Structure formats: C-alpha cells, structure tokens
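Have a look at the structure below, then the notes.
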C-alpha cells in the first residue's frame, strides 16, 4: 500500500511518484488549499490537496485528527520560505493525486501533543498514547536494546533457554502471584519472581552459559520503577568468578551504549564497597554525577551537651553526619523548612543547619540556631572536615544510622537536582562487598541481604556461623546514574554451605526440604561453581530513553494499584470457573 514511510522522504525522492499511509496528525485549511500533516512511525510529512480535483478535495475536507488514510502523489520541494526545520521532511511535501480514507476516527479522548493528559487516560487509551512520537521512539529503542543484548550474548556462546512460568511458591522477598490448579484441587502454582533456581539448575545441567529475557511477577507495593510484572535480562555462567562476570558485563554495556546511543562510557567501571557507598552517599546505589558527599562527624560530637547530637554520636547503632551544599547560603527559611519536611518522609526528626557567611571568623562568621550548643573546637572541626567555604550551607543528620543514611542520602539527590548540580553523562559503578545478612531487630533474626543462594566470602561454614553479622557476600550490583541496573552474585554450589545459610536464616530442615528440596538434591550430583546477574530491562531502557518511569517504556503497564485500565483487569470471574478450580468465595457477613 505504500512505497515509503512518511518520515524518510527527502530531496532525493523529489519528482517521484510515492504512496504513503498513516494517521492525520493535523489538518489545516488555507484559503482553498488543504494541508495535512501525515504521521507514521518514521515521522511527519506534509501533504497538499489542491481544489483542482473536486472529489478528492471534498474528501480531504472531511479529514480529522487520527483518520487513517492512504495518499498517492508526486513529491516536490516546498516553495521558498515555507520550509519547516522542525520536521525531518521539512524541505519537501507531497502533492496529492489520490486519497483513500482507510478508516475514520471519532474525536480522540486527548490530542497527541497535549502534555497535560492524566495518566489514567493515557493508560485507558494506551493504543492512542503509543502513537505519540516519544512513545514510538521508546518502543523502538527498547526493541533495539533487546536485539543488541541478544546478539551480544549469543556471540559469546550464551544459550537462550526458557524457564517455567508456572512453578511453586518460594520465599524471595515479595508476595507471589498464585495460580489455582484445576487438576490438583486446593493447590496452587506461583508465577516466578525470578528464574533464580531454574537458572542455577541449568548450570548444574551443564548448559555453561544461559540467558533469557524473561517476564517476572511480584505482588508488592508499586512506585515509579516497579510494576507487578516486569522484564529481566537474566544471565548465569559456570566456572567464572565475580571478577570475570563483571568484566564481561562491562563489555556488554559499553557495546550497548555505543551501538544504540552512540555514547562513550568509562573503559572500566569503578568499584566501591557497600560500606564506602553508605558512608559517603547514604545509599548502595549512589549517583556519581552529584558530587555532594556525607561526612561522619560522630567523633566530634560525642561529648557536647547538645543531646540531639551527642546521643546518636555515642550510640553504636547511631550516626551524626554532615552534608555541605556549595552556595547553599542563599536558601530561604521556607526552602529549609521544605527540605526539613522532605527528610521527615525518611524518618528524620529534624534538619539542623549552619550557614557559612565568613568561615575565617569562626563562630562569628556562621549563622545557625544550633551554634549556641556547640563548642568552638567542634565547630572548627566540622567546618574543616566538610571543607565548607564562604557562601556554603551545612546540613546535619543525627539519628540511627539507617535513618541518617536514608534521609541525608535522599536529600543529597534532591539538592543535586534542585540546585543544578547533576553532571551530564553516564556514570556506571560496581558496588561490591555487601554484607551477607542484615539483622531484623523486631523479630531477632537474620535476613539475606540479596537472596539465600548468594555465596558468602568464605568456603568455611564454621566461619560463617561464627560471625554472620560481619560476613561479606560475593555479591555485586551494577549502578547507573543512581539506579540499580542489575544485581548478581556467585552462588552457593555446595550443599553443606547452603544448609548452613538456610539454618542461619531460620529455615529449618523440614521447611528447606519442602520448599527447596529439588535444589538441595541437585547440589549432591556434581554442581559446578557458578554465578550470574539479572538486569532490570525496563529500568535500563527508562534511563536510556530519559523517561521518568518504567511505565513509559512498557507497552501496556499497570497503574499504581496494579490494575490495567485498558482491559479492566483484574476482574471478577464466573462462579462456574471458580467451581472448576475448587474455589468457594465466602459471602460477606451481614451485620445484625
């Protein structure tokens, strides 16, 4: 039906007979001549309808936005002075000789160039939203990304192997989506949170190198970079340690960004320990484009009379930290109050500050309500340690270490964006040396920081049990511009170590057998050392596209409440279907 796409026509095709198809993006009637901007996936093309052909001109007068049409005609150069530099085809136009209306359109619920469309409308009429040029670009970008990743991995001898969608529920940190079994009444499958156990079993099966672009499901509270169903690039290798795996993944990422975005990235990604990342940035996924850093000053304030500082400073689980904001002296009282409210979202009970007017004058050159509580020596040390200069502002966090890290870490990011302190470019980082476990104080138990199959940084089970709180793991996360792109680890490949880890996590022998018996059995039959990584494909494309949410790079995403407004899912099903699944819904109780 067409000889060319609209957006690919230029001077090279002038005087040629062409046929194009697409949607009416805009129609303009200019004193007897009708202009239509015709849109397809490659872009826009101006089509001109002269009144010489009365029948065709009459049909053109009926055109409205989103009509689907086919136009045949002769391509010509636009008259001098009418070129449009904002269109890729702005030097040419199509003089129509034949028009066919393939399908009319009702008035759409929103215009494609409307930037204030409510998200609910965008999702309800997703097929219209996806027609937008930016959405077309994002879907095309996603396809190019997955094509490159598949090609790269297959060129490095990785096998694309599918794993089951219907499996059994296993504890992996989030609620499972359950699927009732008709053939086994009262029993349920679970949709996979990840293919973790299956990809380990593939390594035990001698597949050596595996990958899969796979759908995963987690029934958890949602946010900008979470969806109930999402896509992973899942990778696993045998006989490779963490250094080899990280080096290989770096090469893949450098190639991807070069091929798809023509972007140069670091020849080698920097490495940073988890402890250093938390100390300097309050986050295990620091955005290195923002140069602001946290400085621990607990030792400076242990003996001051100001208990707001001295209490956390003396607490083994507490921290007092400072964050210098260059040029922050200009912040108004309202702006400081707004930032105080912001850190309160992360549990902080306040946000102390010092404005630096003239640091050479010591106390007299500073401005803050807390100065009267601090001795001169402490003030001088804080100014020196933060490298504060005239015109700067120093924020303080004092509380449990977790609260200080989360609140000041979040404030650091917000200040960076609010104050224009975010550098351009792509800043990759490997975060390594994660703790093996984190302690749940309320339940007095250990939890795996990554997952129960991550190998500890020891091959001695006794050493692991002797000091689990200080044991590091062989895990690694790839971070890009403050977002975790992927996480992985070397896995446990010996049954003795896996059983010890289960025991430390409070998973008894019977529970381990019930939930992971197939894995424990497989570990007995010649399991190779193996490790891998899983990348969040949606997050990756979101960053590459410059979008703010993974919903903008997914064709049919869900809402914040995990609903599909397009198909009205989830929805009730018939009683007959429920009976087939041996499910009986309780009737609501009527109050007496």
Scan 512, 522 and give me the residue that is surrounded by fewer than 21 Cβ atoms within 10 Å (Cβ to Cβ) and modelled with pLDDT of 95 or more.
522
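One line per residue, one yes/no per condition, for (1) closer than 30 Å to residue 360 by Cα; (2) within 19 Å of the chain's Cα centre (by Cα); (3) in contact (Cβ under 8 Å) with a residue 40 or more places away in the chain:
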residue: 415; (1), (2), (3): yes, no, yes
residue: 418; (1), (2), (3): yes, no, no
residue: 427; (1), (2), (3): no, yes, yes
residue: 430; (1), (2), (3): no, yes, yes
residue: 440; (1), (2), (3): no, no, no
Does residue 582 satisfy being in contact (Cβ under 8 Å) with a residue 60 or more places away in the chain, outside the structural domain of residue 216 (by TED's automatic domain parsing), in contact with a strand residue (DSSP E or B) (Cβ under 8 Å, 6 or more places away or on another chain) and farther than 29 Å from residue 150 by Cβ?
yes
Within 22 Å of residue 299 (Cβ to Cβ), free of Cβ contacts under 8 Å to residues at least 40 places away in the same chain and part of a strand (DSSP E or B) - does that describe any residue in the range 360-374?
yes
Would you check if there is a residue in the range 339-359 being over 26 Å from the mean Cα position of the chain (by Cα), in contact (Cβ under 8 Å) with a residue 60 or more places away in the chain and under 21 Å from residue 290 (Cβ atoms)?
yes
State whether one or more residues within the range 59-67 are outside any loop (DSSP other than H, G, I, E, B), in the same structural domain as residue 17 (by TED's automatic domain parsing) and either without any contact (Cβ under 8 Å) to a residue 24 or more places away in the chain or surrounded by fewer than 14 Cβ atoms within 10 Å (Cβ to Cβ) (or both).
yes
Looking only at residues that are surrounded by fewer than 17 Cβ atoms within 10 Å (Cβ to Cβ) and in contact with a helix residue (DSSP H, G or I) (Cβ under 9 Å, 6 or more places away or on another chain) in the range 461-471, which one is nearest to residue 194 (Cα to Cα)?
465
Tally the residues that are part of a helix (DSSP H, G or I) and touching a strand residue (DSSP E or B) at 6+ places or on another chain (Cβ under 9 Å), restricting the search to the range 468-497.
4
Which numbered condition residue 227 misses (of (1) modelled with pLDDT of 95 or more; (2) surrounded by 19 or more Cβ atoms within 10 Å (Cβ to Cβ); (3) under 25 Å from the mean Cα position of the chain (by Cα)):
(1)
Suppose we filter 474, 551 for residues that are buried (at least 18 other Cβ atoms within 10 Å of the Cβ), more than 17 Å from the chain's Cα centre (by Cα) and at negative phi; which single one remains?
474
Residue hits (the range 503-525; more than 14 Å from residue 451 (Cα to Cα), touching a residue at least 60 places away in the same chain (Cβ under 8 Å) and either in a loop (DSSP other than H, G, I, E, B) or touching a strand residue (DSSP E or B) at 6+ places or on another chain (Cβ under 9 Å) (or both)) are 525
Filter the range 4-53 down to the residues that are farther than 24 Å from residue 133 by Cα, assigned to a loop (DSSP other than H, G, I, E, B) and free of Cβ contacts under 8 Å to residues at least 40 places away in the same chain and list them by number.
31, 32, 51, 52
Residue count, the range 182-204 (criterion: farther than 15 Å from residue 164 by Cα, surrounded by 14 or more Cβ atoms within 10 Å (Cβ to Cβ) and either out of contact with any strand residue (DSSP E or B) (no Cβ under 6 Å at 6 or more places or on another chain) or modelled with pLDDT under 95 (or both))
1
From 280, 254, 319, which residue is part of a strand (DSSP E or B) and either at pLDDT 95 or above or assigned by TED's automatic domain parsing to the domain that holds residue 409 (or both)?
319
If you go through the range 322-335 one residue at a time, do you hit one that is surrounded by 17 or more Cβ atoms within 10 Å (Cβ to Cβ), in a helix (DSSP H, G or I), touching a helix residue (DSSP H, G or I) at 6+ places or on another chain (Cβ under 9 Å) and not assigned by TED's automatic domain parsing to the domain that holds residue 265?
yes
In this structure, does residue 73 turn out to be surrounded by fewer than 16 Cβ atoms within 10 Å (Cβ to Cβ) and more than 40 Å from the chain's Cα centre (by Cα)?
no
Test each condition in (1) touching a helix residue (DSSP H, G or I) at 6+ places or on another chain (Cβ under 9 Å); (2) closer than 30 Å to residue 482 by Cβ; (3) surrounded by fewer than 22 Cβ atoms within 10 Å (Cβ to Cβ) for residue 561 and report the one that comes out false.
(1)
Only one of (1) within 30 Å of residue 146 (Cα to Cα); (2) in contact (Cβ under 8 Å) with a residue 40 or more places away in the chain does not apply to residue 498, and that is (1)
When the range 98-129 is examined, which residues are found to be in contact (Cβ under 8 Å) with a residue 60 or more places away in the chain and over 20 Å from residue 64 (Cβ atoms)?
119, 120, 123, 124, 126
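Residue 264: under 28 Å from the mean Cα position of the chain (by Cα), more than 25 Å from residue 357 (Cα to Cα) and surrounded by fewer than 17 Cβ atoms within 10 Å (Cβ to Cβ), yes or no? Walk me through how you get there before you give the answer.
On the way: under 28 Å from the mean Cα position of the chain (by Cα): yes; more than 25 Å from residue 357 (Cα to Cα): yes; surrounded by fewer than 17 Cβ atoms within 10 Å (Cβ to Cβ): yes.
For residue 264, the condition - under 28 Å from the mean Cα position of the chain (by Cα), more than 25 Å from residue 357 (Cα to Cα) and surrounded by fewer than 17 Cβ atoms within 10 Å (Cβ to Cβ) - is met.
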Top-ranked residue in the range 138-168 [being closer than 30 Å to residue 508 by Cβ and touching a residue at least 40 places away in the same chain (Cβ under 8 Å); ranked as surrounded by the most Cβ atoms within 10 Å (Cβ to Cβ)]
163
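The values are calculated or read from the model by the stated rules, or taken from the named source; none is laboratory data. Since the structure is predicted, the reported quantities are computational estimates derived from the model, not experimental observations. Note: ideal-geometry Cβ built from the backbone for every residue, glycine included; neighbour counts use all protein chains shown.
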